[in-house]
1. Picking from PHE44, PHE114, which residue would you name as being modelled with pLDDT under 90 and either surrounded by 15 or more Cβ atoms within 10 Å (Cβ to Cβ) or under 13 Å from VAL14 (Cβ atoms) (or both)?
2. Kindly indicate the residue of region 48-65 that is within 17 Å of LEU104 (Cβ to Cβ) and touching a Phe, Trp or Tyr at 6+ places or on another chain (Cβ under 9 Å) and also surrounded by the fewest Cβ atoms within 10 Å (Cβ to Cβ) among those meeting that condition.
3. If you check PHE126, PHE107, which single one turns out to be buried (at least 16 other Cβ atoms within 10 Å of the Cβ) and either in contact with a helix residue (DSSP H, G or I) (Cβ under 6 Å, 6 or more places away or on another chain) or at pLDDT below 85 (or both)?
4. Restricting to region 82-109, name every residue that is aliphatic (A, V, I, L, M), assigned to a loop (DSSP other than H, G, I, E, B) and more than 13 Å from the chain's Cα centre (by Cα).
5. Which residue is nearest to ALA115 (Cα to Cα), if the candidates are limited to region 66-85 and must be surrounded by 16 or more Cβ atoms within 10 Å (Cβ to Cβ) and polar (S, T, N, Q)?
6. Output the number of residues of region 47-76 satisfying the condition of being modelled with pLDDT of 90 or more and either assigned to a loop (DSSP other than H, G, I, E, B) or among the aromatic types (Phe, Trp, Tyr) (or both).
7. Can you list residue pairs whose Cβ atoms sit under 6 Å apart, with the first residue in region 73-89 being on the phi > 0 side of the Ramachandran plot and the second being surrounded by 13 or more Cβ atoms within 10 Å (Cβ to Cβ)? Count only pairs 6 or more apart in sequence or on different chains.
Amino acid sequence: MLIIIHVKNKILKVEFFLFNQVSSSFFYRLEISGVAKIYNPQFFNELQQQTSIDLENIVFYKNDTHYFVMTAKKQSLLDKNVIRQDYPDAARLLARDNVNFTQLCNFACEAAKFATKCSPQFKFEFAVR
């Protein structure tokens, strides 16, 4: 499994790949070529209200492996227990012992399910790249 997190200011980029399960329920999902909060605030407000996930943008491309990248606010990752403790230093903030990888996977899947309008029962499988 590969989930990459990068930090810049108080925004963190979460990037991951999911296996294409070639299911009919997922086949018709539209790609998201880049939706930003400033251009579609309703989508991001609904995401935050329904999931407590606060993003600045999200991208989704379908292929042999599905590609997602989203820019999450640091406070959202703290609130969802993805990051255990806040540190001003990026290296310490994203240190292995400060990131709860189970919660990170949950965060990524929850955002992906919301963005693609998948049912909560739909199971994503992370791909190794």
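The values are calculated or read from the model by the stated rules, or taken from the named source; none is laboratory data. Remember, predicted model here, so these are calculated numbers, not experimental data. When we count neighbours, we look across all protein chains shown, and the Cβ atoms used for this are built from the backbone with ideal geometry, even at glycine.
1. Details: PHE44 fails: modelled with pLDDT under 90.
Among PHE44, PHE114, only PHE114 is modelled with pLDDT under 90 and either surrounded by 15 or more Cβ atoms within 10 Å (Cβ to Cβ) or under 13 Å from VAL14 (Cβ atoms) (or both).
2. Initial filter on region 48-65 (within 17 Å of LEU104 (Cβ to Cβ)): 51-55, 58.
So of that shortlist, the ones also touching a Phe, Trp or Tyr at 6+ places or on another chain (Cβ under 9 Å) come out as 51, 53-55, 58.
Details: THR51: 16, ILE53: 24, ASP54: 19, LEU55: 23, ILE58: 26.
Checked region 48-65; the qualifying residue surrounded by the fewest Cβ atoms within 10 Å (Cβ to Cβ) is THR51.
3. Working: PHE107 fails: either in contact with a helix residue (DSSP H, G or I) (Cβ under 6 Å, 6 or more places away or on another chain) or at pLDDT below 85 (or both).
Testing whether each residue is buried (at least 16 other Cβ atoms within 10 Å of the Cβ) and either in contact with a helix residue (DSSP H, G or I) (Cβ under 6 Å, 6 or more places away or on another chain) or at pLDDT below 85 (or both) leaves just PHE126.
4. If we filter region 82-109 for residues that are aliphatic (A, V, I, L, M), which is where we start, we get 82-83, 90-91, 93-95, 99, 104, 108.
So of that shortlist, the ones also assigned to a loop (DSSP other than H, G, I, E, B) come out as 82, 94-95.
Result: LEU94, ALA95.
5. THR71
6. Of the residues in region 47-76, 3 are modelled with pLDDT of 90 or more and either assigned to a loop (DSSP other than H, G, I, E, B) or among the aromatic types (Phe, Trp, Tyr) (or both).
7. ASN81/ASN100; ASN81/GLN103
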